[in-house]
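Novice: Sending over a structure as structure tokens; questions will come in a sec.
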Amino acid sequence: MEKFIKVILKISFMFYLVALVILLFIGNRGYLYTDLTLLEYMKTSSNFVPFKTINTYFTAFVDNSMNRNIPIKNLVGNLFMFLPMGIYLPFLIKKIAGLGRFVLSMIVLLFFIEVIQLVTRRGSFDIDDFILNMIGALIGFAIWKTKYIQKLLN
């Protein structure tokens, strides 16, 4: 039974990775500005100020200055997009089952994704996306660490 669960988790992880790649790089991102140089694109498409985008979405949600689906989709979507990673990674890679190694691994992974999105013009570098993705991954990690899940997996 344990082997079966591991196989199912590995297969579902592959589907999750494919979905993640589609969401992050292949889907209709709408950022391909060919009239800007890469440096100009990087300047206009980057946010290094923590909570700037998050605050903008919260403000827009409260004062109804934009369609409420946009802030919800962006905030909740970024939060939950990497929640499964917090469960899959420590389960599949035992070396990062500890919090410190998990956090370091996620920082590297998320930074890499943000940079690749920026360089390929398939998105932007937004520190707030990084923050929300990291919180989501940590929520997943906390779920994975619960006694119930550990008992279920062992």
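Novice: For a quick protection proxy, order the peptides 88-97, 143-152 by their average other-Cβ count within 10 Å, most packed first.
Specialist: By packing density, highest mean first, the sequence is 88-97, 143-152.
Novice: First compute the accessible area of the range 19-127 with a 1.4 Å probe, then give the percent of it belonging to carbon and sulfur atoms.
Specialist: Here it works out to 69 percent.
Novice: Would you kindly state how much longer the chain becomes between residue 38 and residue 3 on full extension, computed as 0.36 nm times their sequence separation minus their alpha carbon distance, in nm to one decimal?
Specialist: That pair, residue 38 and residue 3, stretches by 7.8 nm at full extension.
Novice: In Å², what does the accessible area per residue of the range 1-114 work out to with a 1.4 Å probe?
Specialist: Spelled out: the 1.4 Å probe surface of the range 1-114, per residue, equals 69 Å².
Novice: Which of the listed residues, 136, 90, 116, is farthest toward the dipole's positive end in the chain, when Lys, Arg count +1 and Asp, Glu count -1 at the beta-carbon?
Specialist: 90
Novice: Using 0.36 nm per residue, how much length does the chain from residue 48 to residue 97 gain when fully extended, once their Cα-Cα distance is taken away?
Specialist: Roughly 14.7 nm would be gained on extension.
Novice: Counting only pairs 8 or more places apart or on different chains, how many lysine pairs in the chain have C-alpha atoms closer than 21 Å?
Specialist: Count of close lysine pairs: 22.
Novice: Any chance you could check the Cα centroid distance between the range 91-137 and the range 38-81 for me, in angstrom?
Specialist: The two parts, judged by their Cα centres, are 18 Å apart.
Novice: Further, regarding this structure: Given Cβ point charges of +1 (Lys, Arg) and -1 (Asp, Glu) and nothing else, what value in debye, to the nearest 20, does the dipole of the chain about its Cα centre take?
Specialist: 800
Novice: Still on this structure: For the range 36-97, what is the charge dipole size about the Cα centre, in debye to the nearest 20, if Lys and Arg each add +1 at the Cβ and Asp and Glu each add -1 at the Cβ?
Specialist: Dipole of the range 36-97, to the nearest 20 debye: 240 debye.
The values are calculated or read from the model by the stated rules, or taken from the named source; none is laboratory data. The structure displayed is predicted, hence computed values, not measured ones. Positions of Cβ are generated from backbone atoms using ideal geometry, with glycine treated the same way; all protein chains shown enter the neighbour counts. For the accessible areas, the whole protein counts, side chains as well, though only heavy atoms, and no ligand, DNA or RNA atoms are used. Shrake-Rupley method; radii C 1.70, N 1.55, O 1.52, S 1.80 Å.
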